[in-house]
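None of the figures in this text is laboratory data; all of them are computed from the coordinates on show. In this text, all values refer to a predicted model and were calculated from it rather than measured experimentally. So basically every Cβ, Gly included, is an ideal-geometry build from the backbone, and we count neighbours across all protein chains shown.
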Amino acid sequence: MNPLEAALSDPWAALREVTDDPLHPGGAAATRDLMDRADVAAGTRLLDAGCGGGESLALAAERGAHPLGLDRDPGLDEELAVDAPVVRGDLGTFPVRDDSLDVVLAECTLCLSDDVEGTLAEARRALDEGGRLALSDVVTDGDEPRLPPFVAGALCLTNGKDRDRERLRARVEGAGFEIRGVRDHREDLLAMRDQVAEQVDLDGLLTLMGDRGDDLREQASELAGRVEDGTIGYVSLVAEAV
């Protein structure tokens, strides 16, 4: 198996090798900014829905918050020494009582839900009145790009026709939230693209794959063009439970 095939077999692990944690555009700086906007501070009861390696849990704990992680396959980074409980589960059922949270954090994970409306309804159920939903996700205009399914999933690019900015807003508001503000992270997305390009000789790896590499090269070119023209983007929002 050549390096590209290995990367395609586990794109999350491959992405972790060439980008900074957390694994989303903007990294830790974007997480801190989102927490600032959601008023995460000492004593904040926070659920990180899709906590991954625990990077955001650690950032919340630094502020004196009381974080809880939820992930379908928990695997905390031992180097972080995260002092927070983590529960195994999916995004369809949050393991908390009604009105028991101040913040639900969902960074590039809503797209992984099999039932987006159900996940948003769970967030609203779990949040106390005035609680905040803080989420970030990939958005698309038009059809989803042509990519191998496992790559599209890792890059949060599945169900493209159902992932535009206005539909995201409508879904959040329909779940019982009032949106405080939305930010576009185009520059963070471009920076992440450039970081990967600088560290990976994609053209060389694709050449090793022959005809299949030519097809993947065409798909990668389409993806790069969509990011460049803004029809694939990355946004964050904070919304208050009403």
With +1 on the Cβ of every Lys and Arg and -1 on the Cβ of every Asp and Glu, the dipole magnitude of segment 26-66 about its Cα centre, in debye rounded to the nearest 20, is 80
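Rounded to the nearest 0.05, what FRET efficiency is calculated for T93 and D215 with R0 set to 41 Å and r the Cβ-Cβ distance?
Numbers: r = 39 Å, r/R0 = 0.96.
Between T93 and D215 the formula returns 0.55.
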Label-to-label distance, nm, for residues given as D184 and E62 (7 Å Cα→Cβ offset) = 2.9
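Rounded if a/c is under 1.5, else prolate if a/b is larger than b/c, else oblate: which is segment 52-110, with a ≥ b ≥ c the root eigenvalues of its Cα gyration tensor? Don't skip to the answer; put the middle values down first.
Numbers: a/c = 1.76, a/b = 1.21, b/c = 1.45.
Oblate.
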Between R169 and L80, 0.36 nm times their residue separation minus their Cα-Cα distance comes to what?
-> 28.7 nm
How many nm is it between the label spots at T207 and V242, if each spot is 7 Å from the Cα in line with the beta carbon?
-> 5.7
